[in-house]
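J.: Supplied in structure tokens, the structure appears directly below.
Every read-out reported here was derived from the displayed coordinates using simple, explicitly stated rules and does not represent laboratory data. Fair warning: this is a prediction, and the values are worked out from it, not measured in the lab. Note that each Cβ is placed from the backbone with ideal geometry, even for glycine, and that neighbours are counted across all protein chains shown.
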Amino acid sequence: MAAGYLEILRARHAARLLTGTLVGRLPNATAAIALVLFVRAEGGTYGLAGALAAVYGVANAVGQPVLGRLVDLYGQPRVQLPAAVASALAMAVFAFSGTDPLPLACAAVAAAGLFTPPLEGGLRALWPSVLRREEQVHTAYAMDAVAQEVMFTVGPLLVTLCVSLWSERAALLVLNAVGVLGALSVVLSPPSRAWRSAPREAHWLGALRSPGLLALLGAFLFVGIALGSITVASVPYADEHGGDAVYGWLMAALGLGALIGGSVYGARAWSGAPERRLRVLVALLAVCYLPLMLMPGAVAMVLLSLLSGVFLAPCIACAFIIVDRHAPGGTVTEAFSWLVTTFTVGASVGTGLAGPVVQAGGPLWGYAVPGAAGVVSLLVLLATGRVLAVPARSGVVAASSENDPNRAAEPRFSSGDRA
């Protein structure tokens, strides 16, 4: 398993691109907790903190595909770095102005979310130009999905460290400054500077004109709902079984399960079409959510939480391959950004949906939401099977016009047999 990942990281520029992207995504990974802590330190209510975090999330969901399209049109350095700087400056305005006046605070937080650079989509667009074999690209997608779990686990710890060493304001400023440095490292790399999108057909829908991509996004909306609802349903359960410490263990187990699943999934090459494999993975994901409704003691519940996360990262990694297969030519970064947006919106919907459900029926019904959402996601994939079976293009590209600044016409990989 380790050998496969080490082979990826030993490829020229690969470690720099992965590390720079993870560091550049720190502000996004830590935004929610950093905003809540800062607003509370300023004397604001939890309601205000949650509202500002929601403003950031909505603006981020809007900005990712828009900036992704601009990256496809104008290249990575001309979009990613200015966006990172603009986002950091907007968050600095909020950090120094505080929550009063409120309109300024909302505008600053919205701008910070809107201009968050689409580094995730950018990295996935770069992998085919850095890794010359198709199976390496697919392993890199799995490693990317695992790295997301690491970032969203380590990020909150970095926020609390900055707060303990300095202050809540300093946490906002430092993490956003570090994020700019990460984006700078990526856009100054030779692969990022050389990357050019393939010629694209002018169309206002952009990547969304692909029926296969729309089907995938519809399915992943419900995967996001499942994940968002678990975070809410676990709160009342933890209150009844030990408090905040138990909640922390439940969330850590969920992330650890995703790390384990993604690591194992990416360690081997898989045969067959990824669209069929995704249906199996989503079915397993839904099945593993259902035992949470048993709500056993804390130790057993932690183990069930770990199990519920095992198939999340493999689902995401498989979805990356499908996005690449179905994105219309010249829209690869935008297409990946739409996946990020859809998953984020789904998680927000899940959080909002689980709240009233838990209020009405307790944690048992709250844990029913992720299982139901997983089943609906599977049904979407089954209902759109014919659409997903017809890729818009032939799959992962190695040194083709999608990644070649000279737009050389070279053959693509075929993703039909190995994924």
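J.: Assign unit charges at the C-beta atoms only (+1 for Lys and Arg, -1 for Asp and Glu), then state the dipole size of the chain relative to its Cα centre in Debye, rounded to the nearest 20.
T.: Computed charge dipole of the chain: roughly 1100 debye.
J.: Oh, and also: What number, in percent, do you get for the relative contact order of the chain if the mean sequence gap of Cα pairs under 8 Å and at least 6 apart is divided by its residue count?
T.: 26 percent
J.: Let me ask something else. List the residue ranges in the chain for DSSP H helices whose C-alpha atoms run 27 angstrom or more along the long axis and whose Kyte-Doolittle average is 0.0 or above.
T.: 46-74, 77-97, 134-165, 168-187, 211-240, 244-266, 332-361, 363-383
J.: What ranking do 16-29, 97-110, 216-229, 260-273 get when scored by the average of other Cβ atoms within 10 Å per residue, highest first?
T.: Final packing ranking: 216-229, 16-29, 260-273, 97-110.
J.: Now for a separate question. Quick check on the chain: helices-only [θ] at 222 nm, where DSSP H runs of length 4 and up contribute -39,500 (n - 2.57) each and the sum goes over total residues. Nearest 500, please.
T.: -25500 deg cm²/dmol
J.: Would you work out which of P118, N28, G47 lies farthest towards the positive end of the dipole of segment 23-134, given +1 charges on the beta-carbon of Lys and Arg and -1 on that of Asp and Glu, about the Cα centre?
T.: Farthest towards the positive pole: P118.
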